[in-house]
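Before any comments, here is the structure.
All of the numbers you see were taken from the coordinates with simple rules; none came from a lab. Keep in mind that what you see is a predicted model, and the values were worked out from it rather than measured. Neighbour counts are summed over all protein chains in view; Cβ atoms, including those assigned to glycine, are modelled from backbone coordinates with ideal geometry.
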Amino acid sequence: MTRVKRGNIARNRRNEILDLAKGFRGSSSKLYRTAQQRTIKALTNSYKDRKNKKREFVKIWVSRINAAVRLSGLNYSSFQNQLKFHKIRLNRKICSQIALQDQESFTKLLDLII
């Protein structure tokens, strides 16, 4: 039976982990075992935080819309209800951008709703 040499396969696998761990502090970028643990943790945190980022932006948009709408005596939920009632299809991101950057058109939108 011939001898199977697979040294480069294991080395490549380890180097891939160590390449992912570049920039980590101390032994986390030098030693394979700690680098593997840190990269697994970093990748799971990045996945989790990509999901949390979406939630945080929705919270920011809602609070911006709520602050802009309260100046005219409404609150966020009634504003969204009136948008739906008048069949105006604007998502939260666009509404918050209009409220933040172009107050004149936002007041026109509020006048159209009220």
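For the pair His86 and Thr34 in one chain, pulling the backbone fully straight at 0.36 nm per residue adds 12.9 nm over the alpha carbon distance. In order along the range 9-16, phi translates into HN-Hα couplings of 5, 5, 5, 5, 5, 5, 5, 5 Hz, rounded to whole numbers, per the Karplus curve 6.51 cos²θ - 1.76 cosθ + 1.60 with θ = phi - 60° and x for Gly and Pro. Which one, Tyr32, Leu90, Ala21, projects farthest toward the positive side of the charge dipole computed for the chain from Cβ point charges (K/R +1, D/E -1)? Going by the charge dipole, the pick is Tyr32.
Rounded to the nearest 10 degrees, what's the angle between the helix 32-70 long axis and the longest principal axis of the chain, both from Cα atoms, 0 to 90? The helix 32-70 is inclined about 0 degrees to the chain.
Contact order for the range 8-112, expressed relative to its length and based on alpha carbon pairs under 8 Å spaced 6+ residues apart, stands at 17 percent.
The alpha carbon centroids of the range 14-42 and the range 77-114 are separated by 48 Å. Modelled this way, with points 7 Å down the Cα-to-C-beta line, the labels at Arg70 and Gln101 are 2.5 nm from one another.
For the chain, the normalised intensity computed at q = 0.10, 0.12 Å⁻¹ comes to -0.55, -0.61 (log10 of I(q)/I(0), Debye sum over alpha carbons, equal scatterers, no solvent).
Remark: the range 99-114, residue by residue, has Karplus-estimated 3J(HN,Hα) of 5, 7, 9, 9, 5, 5, 5, 5, 5, 5, 5, 5, 5, 5, 6, 7 Hz, where x stands for each Gly or Pro and the curve is 6.51 cos²θ - 1.76 cosθ + 1.60 at θ = phi - 60°.
Please get the size of the charge dipole for the range 8-112, origin at its Cα centre, with Cβ charges of +1 on Lys and Arg and -1 on Asp and Glu, quoted in debye to the nearest 20.
Details: 24 positive and 7 negative charges, 158 e Å.
Using only the charged Cβ atoms, the result is roughly 760 debye.
For the chain, adding -39500 (n - 2.57) for each run of n ≥ 4 DSSP H residues and dividing by the number of residues yields -24500 deg cm²/dmol at 222 nm.
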